[in-house]
Amino acid sequence: MFHRLVRTPRFIPKLTSKMSTVQNPLPASFLRGGTSKGVFISKDTLPPNRADWAPIFLGIMGSPDAEYGRQLDGMGGGVSSLSKVMVVGPPSPAQRAQGIDAEYTFAQVGITEASVDYSGNCGNLTSMIGVFAVDEGLCPPPAVVGAEGDAGRGTIRLFNTNTQKVIDTTFPVTAAGAPVLDLPETEMAGVPGKASRIVLDFVDPGGARTGRLLPTGSPRDTLTLADGRTASASLVDATNPTVFVDFAELDAFLPLEDYLVGKSAAVAQVSPVLDALRQQAAVRMGLDPAAQAQPKIALLRAPHTTEDAAQGVDIVIHALSMGVLHKAVPMTVGLCLGVASKVEGTIAWNIRNGASAELVRIRHPGGVVDVGAEFGEDGQVKSAKVVRTGRRLMKGVVWH
């Protein structure tokens, strides 16, 4: 005898009349982009008012999970890189006239707290926005560029509503313009095997949130801790605002080596200090210090191992996301570092000794990545580029 399996809907507080008409489950795709995974949703399936999205996204991800922090009741994975939603739609008529193919909004969903943050962008998942838009018919297939018989390339121009910036994403396509993701073209740290090469080009990335590449006007600022100690920081806003601090300087009075390997006593001592620096920097940048998602903070240090030398590493980075050490590097932070390393006087510039190589090789906990930044003759950053890969994981419906 067969019994019908019924899923009890999860209670969502403060449902509005508009939200009551939203499908449950919602059509969605689950995709990997770079070292992140997330749920991709077409904008036209959501309420028109973004204020109504939060309960839906929290339900999808299984948040808040204050007791266990694993998000087992949803699609989240208990870490910030797996608790993300991308909302994608066609461009407005004005955007289309400017050559935009699709627009998108990134939502960073809290894990233990009922928070949904729209203050920044996700560089990793951005690599799959163009693919999703083409797959879902939200924009026409791209024009194919490439030699006959070879895998052609197509470019989709995106508009990110979080940062009000334009990003070009270029990937292999068939003759009809369909995205091809399984070519053994490139590999990236943190992801096994090879896949198709996806190039992200963040156009005019400076001032993504604050309107200025250097929000304070200085490549290096001094932050003061509660005990009177000071720390140098470079406050840079490119693709996403980031606070870069000097590992060697902080290591003089904090157990950073123990912190990096997760020793609980060191984590308890270091974490509050780093967040205090981040919050103070946020105020200097004109941002909300209470918003954990932006700005992010990252420790920078010079290459220091034989492996660094063998791999030609320029800078070593340990970045935090939502107050926790990231297992790789948020790609927008990596891109911001690529830009910062070419701005004279920043901590990154000093670590590289002002080297002018086109690409900057960054080592993060998951491996090595090359990022590039192009500046105009006027000293303004024109673009920031990085190579990613991605994969379609699932298409169907998701309950909220």
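Annotations
- With viscosity 1.567 mPa s and temperature 4 °C, the Kirkwood radius over alpha carbon pairs of the stretch 293-400 converts through Stokes-Einstein to a diffusion coefficient of 86 µm²/s.
- The mean of 1/r over all pairs of different alpha-carbon atoms in the stretch 221-376, once inverted, gives a Kirkwood hydrodynamic radius of 15.6 Å.
- Charged side chains reduced to their Cβ positions (Lys and Arg at +1, Asp and Glu at -1) give the chain a dipole of some 1020 debye around its Cα centre.
- Selected from Gly372, Gly354, Gly33 as most flexible by GNM, with the chain as the system and alpha-carbon contacts under 10 Å: Gly354
- Measuring gaps between exposed loop sites in the chain (GluC sites (Glu not before Pro); DSSP loop; at most 11 other Cβ atoms within 10 Å), the longest gap, sites not included, is 149-343.
- From phi via Karplus (6.51, -1.76, 1.60), per-residue ³J(HN,Hα) for the stretch 134-141 in Hz, x at Gly/Pro: 5, 4, 8, x, 7, 8, x, x
- Mean-square fluctuations from a GNM of the chain, with a 10 angstrom spring cutoff on Cα atoms, peak among Asp221, Asp135, Asp258 at Asp258.
- The Phe30 and Ser271 beta-carbon pair, evaluated with R₀ = 30 Å, returns a calculated FRET efficiency of approximately 0.45.
- Projected label distance in nm at Ala248 and Ala97, using a 7 Å step from Cα toward the beta-carbon: 5.4 nm
- Applying a DSSP loop filter and a limit of 13 other Cβ atoms within 10 Å to the chymotrypsin sites (Phe, Trp or Tyr not before Pro) in the stretch 213-316 leaves Phe253.
- Cα gyration tensor shape of the stretch 213-281, rounded if a/c is under 1.5, else prolate or oblate by comparing a/b with b/c: prolate
- Estimated from the Cβ-Cβ distance and a Förster radius of 45 angstrom, the FRET efficiency linking Leu225 and Gln23 is about 0.35.
- Its Cα centre serving as origin, the stretch 221-376 has a Cβ charge dipole (Lys and Arg +1, Asp and Glu -1) of approximately 220 debye.
- Among Gln71, Gln108, Gln269, the residue with the largest mean-square fluctuation in a Gaussian network model of the chain, with springs joining Cα atoms closer than 10 Å, is Gln269.
- Per DSSP, loop trypsin sites (Lys or Arg not before Pro) in the stretch 253-348 with at most 16 further Cβ within 10 Å: Lys263, Lys327
- Under 19 Å from Lys165, Cα to Cα: aspartates and glutamates that are on another chain or at least 8 residues apart: Asp101, Glu103, Asp117, Asp201, Asp204, Asp237, Glu374
- The stretch 42-70 and the stretch 295-324 have their alpha-carbon centroids 33 Å apart.
- One quarter of the surface of the convex hull around the alpha-carbon atoms of the chain equals 23.3 nm², the direction-averaged projected area.
Here, each number is a calculation from the coordinates, and none is a lab measurement. Note that this is a predicted model, so its numbers are computed, not measured. Cβ coordinates were reconstructed from backbone atoms using ideal geometry, including for glycine residues, and neighbour counts include every protein chain displayed.
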